[in-house]
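The values are calculated or read from the model by the stated rules, or taken from the named source; none is laboratory data. None of the values given here were measured: they were computed from a predicted structure. Methodologically, a virtual Cβ is constructed for each residue, glycine included, from the backbone with ideal geometry; neighbour enumeration extends over all protein chains shown.
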Protein chains: 2
Amino acid sequence: MPDSDTRPGAGRPANSVGLVTPHVAKFDTPLPLACGRELPEFELIFETYGTLNAERTNAVLICHALSGHHHAAGYHHPDDTKPGWWDAHIGPGKPIDTDRFFVVSLNNLGGCHGSTGPVSHNPATGRQWGPDFPLVTVSDWVASQARLADHLGIERFAALVGGSLGGMQVLQWTITHPERVANAVIIAATPRLSAQNIAFNEVARQAIRSDPEFHGGWYAEHDTVPKRGLKLARMVGHITYLSEDAMGSKFGRDLRADDLNFGFDVEFQVESYLRYQGDTFSTAFDANTYLLMTKALDYFDPSAACDGDLACALAPAQCPFLIVSFTTDWRFPPSRSRELVDALIRAGKPVSYANIESPHGHDAFLLPEPRYEAVFDAFMTRAAGDLGLAAPRTETQA
Amino acid sequence: MPDSDTRPGAGRPANSVGLVTPHVAKFDTPLPLACGRELPEFELIFETYGTLNAERTNAVLICHALSGHHHAAGYHHPDDTKPGWWDAHIGPGKPIDTDRFFVVSLNNLGGCHGSTGPVSHNPATGRQWGPDFPLVTVSDWVASQARLADHLGIERFAALVGGSLGGMQVLQWTITHPERVANAVIIAATPRLSAQNIAFNEVARQAIRSDPEFHGGWYAEHDTVPKRGLKLARMVGHITYLSEDAMGSKFGRDLRADDLNFGFDVEFQVESYLRYQGDTFSTAFDANTYLLMTKALDYFDPSAACDGDLACALAPAQCPFLIVSFTTDWRFPPSRSRELVDALIRAGKPVSYANIESPHGHDAFLLPEPRYEAVFDAFMTRAAGDLGLAAPRTETQA
C-alpha cells in the first residue's frame, strides 16, 4: 500500500518520497494501559512510504519524539514548502531507503495530529477526552504500535527507528516484543531521564497548568487555549534542544535594532527567535497532549523492572542495535547513550555506537550530517542484506 | 561604625559576625543613568561588619547577585535560624576576615529589600515606581556604590568582591574607578552573557510578564502579585544554578510516594523541591525587580566599548585580580572565567585563577569548600599584607 507519489516531474527533489496521504486505522478491542485504565477503542493515523514486499519482511517503523507526528517524509499538498519532519533521512537513497524499505510512521496515542488523544471524542461521555485522557506510557505506545503492525500484516519489523523519546519506544520494543524486531536504531536518547530532565519537564507542565486559560485541562469547553503556558513550555524546551554553541553562533548577542531599548520589547535576536518558536507552537499543539508526552518521558525507565539493572532489563532483546549520540547534545548527552551501550554489552547484545561530532545539540538527530548519514546508512544496508532484501533501484535501472 | 555584635555568649558560632542592623543612606544629588534618565534621589540599604580603621584602608565591598541583598552575614534577630547569604565567607577567621576588614554589603538600586527600587515611592507621581522604575545597568550600580563609598568616607576599597552578577559589578568597578579598587575578586561570573544565558532570562521575563496578575507591572495597584510567573522564573533559574550531577545525587528519580500516580500531582522529589523553591520566592521577591535584574545581566558587556575586545576594555584596571570558577557550573562555566583571565593577561594585569572542583554547579560560590576557602583566603591575606593591615586577632590576643 504505497501512498507516495514518486513519479518523475512531481516537482520534488528526486530523493523525496513525493506526495503522501495519511491513513487512519481503527481498533475496537480495548487496550489495557499501564495506569490500570483501558481505552475501549482507538484510532491511529499513519503514513507509509515505499512498498511492502510480498514476504512482508521490509517494514521499518518510525517512532516520533515529544512534539512529533506521523508526517515524517514527503509532502501532503503540491504547494507544501516543507516536507515531513525526518525527510532528511527517509527517501530513495537515504539511510531509511524507501527503494528497499516499507516505512510506517504514526502519530502516537495521546497525540494531537489525528490519533486518539485528548482532543478526540470520548465515547463514554460524549464530549472531548481533554484531561480525562489517560496518561499513556512508552509501553502503552509499544502495545498500540504492535496493534498497528498486526493491522498491516507485519509480523516482524526489519528495523525500528527513533530519535529522543522515539528511541525510548524502540528500546521498549526490543524488550517487550523482541521477536518482532530485526534491528533497532536508537538516536539521541537515554535509558531514563535524569533529575534535571524531569525538572525541565516540570517547569513546562507548571507553565501550562498554571495558565488561567488551562481550566484544569477543559480549555476547549471554555473556547480557549492556554497559549501563554504552551509558549513558555516550548521556549524552555527549545533552549534544551539547541547547544549553547549553536545558539551562540546563530544569535550571539546580536540585537534586532542598533541600540539597547532599556525596556522589555524584544531586543536580542535570540529573544525574537524564542518568542516566535513559542508563539507558533502555542497555537498548533494541544496542551493536554504536551503534558502527557512529558509524563511518558519522565516515567520511562525499563531498568526499574530489574531494580535499576539496565543490562538485566535488556536481557530479552534479540536484535543488533545502533546507538547514536551527538557531541553537543546536552538534553540527552553522549554519556546517557553510553550507559545504554554499556548495558547492552553487559547483556551480551550486538551493538554499534557512534558519537557524532555536531554543533546542533539535541536537534542534530533531525538534521543531515555526513558521518551520521554514513553510520546510519551502513547499519540499514547491513540490516537489509541480512534480511535478503533487494538492493535499491539505481538511476540506470529506473 | 561596626554594627555587629560579636560579644562572647551571643549564642552564635565564634566565627559569626553576630547580630547586625541595616543602615540606610539617602542621596539627594540626582544620579544619571545609562538609559538616559536620572534618579532625582535614592536610598541604599546596607550593613557593615568589622571596624573601619583610622586610615580607612581596610574596606571591602560585597556586590550581590540576581536575587541577593544587603544581608550577607550574621543575624538580624536573636531568633534567626539562618544567617546572611554569604556567612560562609564573611566573619572572623573566614576569607573575608572581619577581624581585619571592614565589610560593606548593600542592596542594589532597583532591589526590593530596602534600597530605592520599583516598590519605592516615586516622588514625581506620588505612587509606587512599579514598572516606571528605570532599567538600571551594572555601570549604574557602580555609580551608586561609589556614592555610598563617598558617604562612608572610603576613598579606595581594599577589595571588591562578588559572585555571579556581583562579579560583573566588581569587573565594572575596575574599569570605571580603577583608582578606588586595590583588589578585585570575581567569582563564578562571566564577562558577558551567552545567547543561552539571555534565552533563559527571556523565559523568566516572559513567565512574569505574561502572568495575567502582572498588569503591565502595576500589580501592586491591583492588590496582587504575579506569583505564577515569578514561581516559573525561579524554577527555571534554579535548574541553571544546580549542576546536573548535584540534582542527580540530591534527587535522582526518587518518588515522593511508593508508586507513580499517573496524574499531575507532585510525584518526583525534584518536582517537589522546585515547586517549593518557586512558591517561596514568588511571595518574597518583587517581580519588577526580578525583571530589571535580568536585564542588567543581559546588558552587561564591557567589551562592547572596544568593539568586542575585552582586553582593550580592561586596559584601565590597576589592581590584582582573583578569578574563581567551579567545575560543574554550567550557568557561567569555567570557560567564561577563562575568557576573562585570558583578556586580563593580554591586558597585562596581574591575575590569579582557580577552577575549583565542586559538585554544586553555579551555587558553589555560596558554599564552603576547602580549596575555594584556601584560595580566597590566601588572596585576601596577601591583599591585607600589601595594604599593611594588621594581622587578625587570634584567640590568645582576644
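Testing residue A:48 on (1) under 21 Å from residue A:181 (Cβ atoms); (2) outside any strand (DSSP E or B), one condition comes back false. Which one is that?
Residue A:48 satisfies every listed condition except (2).
Restricting attention to segment A:229-242, report how many residues are of a type outside the set (Lys, Arg) and more than 7 Å from every other protein chain (Cβ to nearest Cβ).
Restricting attention to segment A:229-242, the residues satisfying the condition of being of a type outside the set (Lys, Arg) are A:229-230, A:232-233, A:235-242.
Going one step further and asking which of them are more than 7 Å from every other protein chain (Cβ to nearest Cβ), we end up with A:229-230, A:233, A:237-238, A:240-242.
Going through segment A:229-242 one residue at a time, the tally reaches 8.
Output the residues belonging to segment B:107-140 that are away from chain A (no Cβ under 14 Å) and hydroxyl-bearing (Ser, Thr, Tyr).
Pass one, segment B:107-140, residues away from chain A (no Cβ under 14 Å): B:107-109, B:111-117, B:119-129.
Residues satisfying the conditions are B:115, B:116, B:120, B:125.
Do we have residue B:374 as crowded, with 19+ Cβ neighbours inside 10 Å and at pLDDT 95 or above here? Steps first, please.
On the way: crowded, with 19+ Cβ neighbours inside 10 Å: no; at pLDDT 95 or above: yes.
So residue B:374 fails the test.
Kindly indicate whether any position in segment B:180-190 is more than 21 Å from residue B:72 (Cβ to Cβ) and within 14 Å of chain A (Cβ to nearest Cβ). Don't jump to the end; show me each part of the working.
Step one: filter segment B:180-190 for residues more than 21 Å from residue B:72 (Cβ to Cβ), giving B:190.
From the residues that got through so far, the ones that are within 14 Å of chain A (Cβ to nearest Cβ) too are B:190.
Scanning segment B:180-190 turns up at least one residue that is more than 21 Å from residue B:72 (Cβ to Cβ) and within 14 Å of chain A (Cβ to nearest Cβ).
What pairs can you find where one residue is in segment A:283-300 and within 10 Å of chain B (Cβ to nearest Cβ) and of a type in the set (A, V, I, L, M, F, W, C), the other is assigned to a helix (DSSP H, G or I) and buried (at least 24 other Cβ atoms within 10 Å of the Cβ), and their Cβ atoms are less than 7 Å apart, with a gap of 6+ or different chains?
Once the first residue is within 10 Å of chain B (Cβ to nearest Cβ) and of a type in the set (A, V, I, L, M, F, W, C) and sits in segment A:283-300, its partners that are assigned to a helix (DSSP H, G or I) and buried (at least 24 other Cβ atoms within 10 Å of the Cβ) give A:291/A:208.
Go over the candidates A:258, A:265, A:245 one by one and state the one that is touching a residue at least 12 places away in the same chain (Cβ under 8 Å) and among the charged types (D, E, K, R).
Values: A:258 fails: touching a residue at least 12 places away in the same chain (Cβ under 8 Å); A:265 fails: touching a residue at least 12 places away in the same chain (Cβ under 8 Å).
From the options A:258, A:265, A:245, the qualifying one is A:245.
Determine which single condition residue A:297 fails, assuming it passes every other condition in (1) outside any helix (DSSP H, G or I); (2) under 30 Å from residue A:117 (Cα atoms).
(1)
Answer yes or no: is there a residue in segment A:28-49 that is of a type in the set (Val, Ile, Thr), at pLDDT below 95 and surrounded by fewer than 24 Cβ atoms within 10 Å (Cβ to Cβ). First the steps, then the outcome.
Taking segment A:28-49 first, the residues of a type in the set (Val, Ile, Thr) are A:29, A:45, A:48.
Cutting the leftovers down to at pLDDT below 95 gives us none.
No, every residue in segment A:28-49 fails to be of a type in the set (Val, Ile, Thr), at pLDDT below 95 and surrounded by fewer than 24 Cβ atoms within 10 Å (Cβ to Cβ).
Rundown of residues vs (1) closer than 23 Å to residue B:243 by Cβ; (2) assigned to a loop (DSSP other than H, G, I, E, B), yes/no style:
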residue	(1), (2)
A:316	no, yes
A:339	yes, no
A:345	no, no
A:358	no, yes
A:362	yes, no
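Of the residues in segment B:202-228, how many are farther than 23 Å from residue B:297 by Cα, in contact (Cβ under 8 Å) with a residue 40 or more places away in the chain and at the interface with chain A (Cβ under 10 Å from one of its Cβ atoms)?
0
Which of the residues spanning segment B:243-279 are among the aromatic types (Phe, Trp, Tyr) and either more than 7 Å from chain A (Cβ to nearest Cβ) or surrounded by fewer than 15 Cβ atoms within 10 Å (Cβ to Cβ) (or both)?
Keep residues of segment B:243-279 that are among the aromatic types (Phe, Trp, Tyr), which gives B:251, B:262, B:264, B:268, B:273, B:276.
Hits for segment B:243-279 are B:273, B:276.
Out of segment A:283-335, which residues are of a type in the set (Ser, Thr, Tyr), buried (at least 22 other Cβ atoms within 10 Å of the Cβ) and either touching a strand residue (DSSP E or B) at 6+ places or on another chain (Cβ under 9 Å) or modelled with pLDDT under 95 (or both)?
A:325, the sole residue that qualifies.
When you go through B:135, B:160, B:193, B:171 one by one, which is the residue that is in contact with a helix residue (DSSP H, G or I) (Cβ under 7 Å, 6 or more places away or on another chain), assigned to a strand (DSSP E or B) and buried (at least 19 other Cβ atoms within 10 Å of the Cβ)?
Values: B:135 fails: assigned to a strand (DSSP E or B); B:193 fails: assigned to a strand (DSSP E or B); B:171 fails: assigned to a strand (DSSP E or B).
Just one listed residue meets the conditions, B:160.
Filter segment A:138-157 for residues that are charged (D, E, K, R) and outside any loop (DSSP other than H, G, I, E, B); which is surrounded by the fewest Cβ atoms within 10 Å (Cβ to Cβ)? If you could, list the steps in order and put the result at the bottom.
The first filter runs over segment A:138-157 and keeps only residues charged (D, E, K, R), leaving A:140, A:147, A:150, A:155-156.
In the following step, the residues that additionally are outside any loop (DSSP other than H, G, I, E, B) were identified as A:140, A:147, A:150.
Numbers: A:140: 22, A:147: 16, A:150: 13.
Here the residue is A:150.
Quick check on my filter: what residues within segment A:50-64 are surrounded by fewer than 17 Cβ atoms within 10 Å (Cβ to Cβ) and on the phi > 0 side of the Ramachandran plot?
Within segment A:50-64, just A:56 meets the criteria.
Return the only residue of B:213, B:221 being more than 17 Å from residue A:231 (Cα to Cα), in contact with a strand residue (DSSP E or B) (Cβ under 8 Å, 6 or more places away or on another chain) and part of a helix (DSSP H, G or I). Steps first, answer last, please.
Values: B:213 fails: in contact with a strand residue (DSSP E or B) (Cβ under 8 Å, 6 or more places away or on another chain).
So the residue among B:213, B:221 that is more than 17 Å from residue A:231 (Cα to Cα), in contact with a strand residue (DSSP E or B) (Cβ under 8 Å, 6 or more places away or on another chain) and part of a helix (DSSP H, G or I) is B:221.
If you go through segment A:99-127, how many residues are among the aliphatic types (A, V, I, L, M) and assigned to a strand (DSSP E or B)? Step through it out loud before you land on a result.
Here is the first cut: in segment A:99-127, the ones among the aliphatic types (A, V, I, L, M) are A:103-104, A:106, A:109, A:119, A:124.
Within this subset, residues satisfying the condition of being assigned to a strand (DSSP E or B) are A:103-104, A:106.
Residues meeting the conditions: 3.
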